[in-house]
Amino acid sequence: MKLFAAAADAVGRRTLEGDWAGRTTAQLLEILTQQYPNLARLAPVLSVAVNREYAPADRVLADGDEVALIPPVSGGADDPEPPLFAITTEPLSADEIAARVTNPHSGATLVFVGTVREWTRGRRTVYLEYEAYPEMAVAQMEQIGREIAERWPGARTAIVHRVGRLEIGEASVVIAVATPHRADAFEACRHAIERLKQIVPIWKKEVWEDGEVWVGSQIGPDWMHQPLKE
């Protein structure tokens, strides 16, 4: 099992070994919160991913499943072309990522750049530290790209998020959307930003002058947070 961000901090490890085959994800969470009391406070907002997809509470685990514990959330170098969706530790270039989606059929290319700000809710940030579940994050980004292509025909999307330590003013994410029409580019880019916050397992740790905390607005799929049936 893989653990990330606040969940890893609560357990004190980033991986766990165990035989959970035949148990549901809800039962797995119950076992883990009993074994690791610091994890119990996160239990109401934790999600479980199985084989890089969010899993419902009644999903029964099988031998060989890749399981990850997902707390609330805020390509390959040898490819001939840069990937449209990627997690990277390298600095981001808005122009380079925009070039990945621009094509002869696009009448507009819109680029959103998320940057590290110094002040948040009256506290001075020293730096941010981003962490991701890379394989699942890319898969969820690809899903966002499919949603946009279906809703706005002809749209092409790229999303690249940086992880690791980021200083004030550095870009954490670049989203580029190219569409045949200008209005569609604005709407599609906004959709990408909102969906990124909702479903992509990326977390950030805000490091202040007097402390630090994992933060994020992501809550996962809506059905993950419905009351369990007795």
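The values are calculated or read from the model by the stated rules, or taken from the named source; none is laboratory data. Note that the structure is a prediction, hence the values are computed from the model and not measured. Virtual Cβ from ideal backbone geometry, glycine too; neighbours counted across all protein chains shown. To get the accessible areas, we keep the full protein, side chains included, count just its heavy atoms, and leave off ligands, DNA and RNA. Shrake-Rupley method; radii C 1.70, N 1.55, O 1.52, S 1.80 Å.
Laid out as a table, the results:
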read-out	value
Test: residue 15 is open to solvent by less than 70 Å² (accessible area, probe 1.4 Å) and β-branched (Val, Ile, Thr)	no
Of the criteria (1) modelled with pLDDT of 95 or more; (2) surrounded by fewer than 16 Cβ atoms within 10 Å (Cβ to Cβ), which one residue 117 fails	(1)
Check on residue 41, open to solvent by 10 Å² or more (accessible area, probe 1.4 Å), farther than 28 Å from residue 141 by Cβ, out of contact with any strand residue (DSSP E or B) (no Cβ under 9 Å at 6 or more places or on another chain) and of a type in the set (D, E, K, R)	yes
Any hit, region 7-22, residues being under 18 Å from the mean Cα position of the chain (by Cα) and of a type in the set (Val, Ile, Thr)	no
Residue pairs meeting the criteria (Cβ under 6 Å; at least 6 apart or on separate chains; first outside any strand (DSSP E or B), in region 100-126; second acidic (Asp, Glu) and modelled with pLDDT of 90 or more)	116/170
Close pairs from region 5-22: first within 22 Å of residue 58 (Cβ to Cβ), partner buried (at least 16 other Cβ atoms within 10 Å of the Cβ), Cβ under 6 Å, at least 6 apart	7/69; 7/71; 16/1; 20/28; 20/61; 21/61
Qualifying positions in region 135-171 - on the phi < 0 side of the Ramachandran plot, outside any strand (DSSP E or B) and open to solvent by 50 Å² or more (accessible area, probe 1.4 Å)	135, 142, 143, 146, 150, 151, 153, 168, 170
Selection status of residue 92, closer than 25 Å to residue 189 by Cβ and open to solvent by less than 40 Å² (accessible area, probe 1.4 Å)	yes
Selection count, region 172-192, where residues are open to solvent by less than 30 Å² (accessible area, probe 1.4 Å) and either within 16 Å of the chain's Cα centre (by Cα) or not aliphatic (A, V, I, L, M) (or both)	7
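Per-residue answers, yes or no, for (1) modelled with pLDDT under 90; (2) in contact with a Phe, Trp or Tyr (Cβ under 6 Å, 6 or more places away or on another chain); (3) outside any loop (DSSP other than H, G, I, E, B); (4) not small (Gly, Ala, Ser):
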| residue | (1), (2), (3), (4) |
| --- | --- |
| 9 | yes, no, yes, yes |
| 17 | no, no, no, yes |
| 21 | no, no, no, no |
| 27 | no, no, yes, yes |
| 33 | yes, no, yes, yes |
| 38 | yes, no, yes, yes |
| 48 | no, no, yes, yes |
